[in-house]
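Right, one structure below, let's go through it.
Rule-based calculations on the coordinates, nothing more; no lab input. Bear in mind the structure is a predicted one, so any value in this text is a computation, not a measurement. Backbone-built Cβ (ideal geometry, glycine too); neighbour counts: all protein chains shown.
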């Protein structure tokens, strides 16, 4: 039986594996972004709009075109790309287990990072629903469709943004099939088993961060409902607080969690630095944002994949 462990060839040094996986992550993130923009371009052209690339991370039409273009055409140009991005992320997630058995490790890793970028995108896109409405393609896609075309008010759009935040939090729990090679013979832990043995300070710190998340959510909702776009940045900050909170609840020495940390989170953090560096270049600031949030869902994935050290699950995990 062919084994295709993404992090697995012992002949390759750890730093080579780390940097190689980081490069794959950057390529996958770049590819998902450009495919997303290509769908904007194609959808716009198919409905008769002169869509064009403003830069590598933005496609749309100029302001004079917006004033005379049919509303449905603008909605399709803005709305098709997010749907396709999420759909391709789901397809990548489902393809990884099959690719792991047949395709080269680099292809499997590329598909996995595509899923890591695409699955959380549903929540991320909905988080932007309460941003200011810009129909030309140079703003939030969900705000343009939900607010601009459907005419949904700011209160409901704020609620949609908060639902998007919850979906973003949940996305990490859905990525397990893409990250762990095999769970065969490993016992799934109950909530009590996952928390048992954690240091008291970690439980207290995680609880404090949970309360902080509630306060930040209230603050972001207050800003968004008043039409203040800074509320969106509060939501973004919450994704990082969530990542830290989940990291506190993971026993990183446990099987499953250890693999996610070593094979995905560490390279993902290196890739984040690369994306942030790219994002400092003119007209590429979207990559800065993508770099900041790239690995935010993965501590939740590690928590989900955490397993007993013994295949039979006879003894609890030791504290890490």
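General observations
- Angle of helix 105-118 to the longest C-alpha principal axis of the chain, folded into 0 to 90 degrees and rounded to 10: 50°.
- Estimated D of region 16-305 in µm² per second, where Rh is the Kirkwood radius over Cα pairs and Stokes-Einstein applies at 20 °C, 1.002 mPa s: 108
- Percent RCO, i.e. relative contact order, over region 153-267, from Cα pairs under 8 Å lying at least 6 residues apart: 34
- Here region 1-154 is treated as a sphere whose radius is the Kirkwood value from Cα pairs; by Stokes-Einstein at 37 °C and 0.692 mPa s it diffuses with a coefficient of 193 µm²/s.
- From the alpha carbon centroid of region 38-54 to that of region 211-272 is 34 Å.
- For region 236-297, the equivalent ellipsoid derived from the Cα gyration tensor has semi-axes of 25, 14, 6 Å, listed largest first.
- Exposure proxy for 52, 98: other Cβ atoms within 10 Å of each Cβ, ordered fewest to most, give 98, 52.
- The chain, relative contact order in percent, only Cα pairs under 8 angstrom and at least six apart counted: 20
- With Cα atoms, 0 to 90° folded angle of helix 230-248 axis to the chain main axis: 10
- Fewest-first sequence of 167, 19 by Cβ atoms within 10 Å of each Cβ: 19, 167
- Calculated [θ] (222 nm, deg cm²/dmol) that DSSP helices of n ≥ 4 give over the chain, each run adding -39,500 (n - 2.57): -20000 deg cm²/dmol
- Relative exposure of 301, 188, 217, 32, judged by other C-beta atoms within 10 Å (fewest first): 188, 217, 32, 301
- Temperature 10 °C, viscosity 1.306 mPa s: under these conditions the Stokes-Einstein estimate for region 186-265, based on its Kirkwood radius over C-alpha pairs, is 110 µm² per second.
- Listed residues 117, 143, 38, most fluctuating in the chain (Gaussian network, C-alpha, under 10 Å): 38
- Summarised in one figure, the compactness ratio Rg/Rh of region 83-184, Cα atoms and Kirkwood Rh, is 1.11.
- With Cα atoms, 0 to 90° folded angle of helix 14-46 axis to the chain main axis: 30
- Between 132, 299, 104, the residue with the greatest mean-square fluctuation in the GNM of the chain (Cα pairs under 10 Å linked by springs) is 104.
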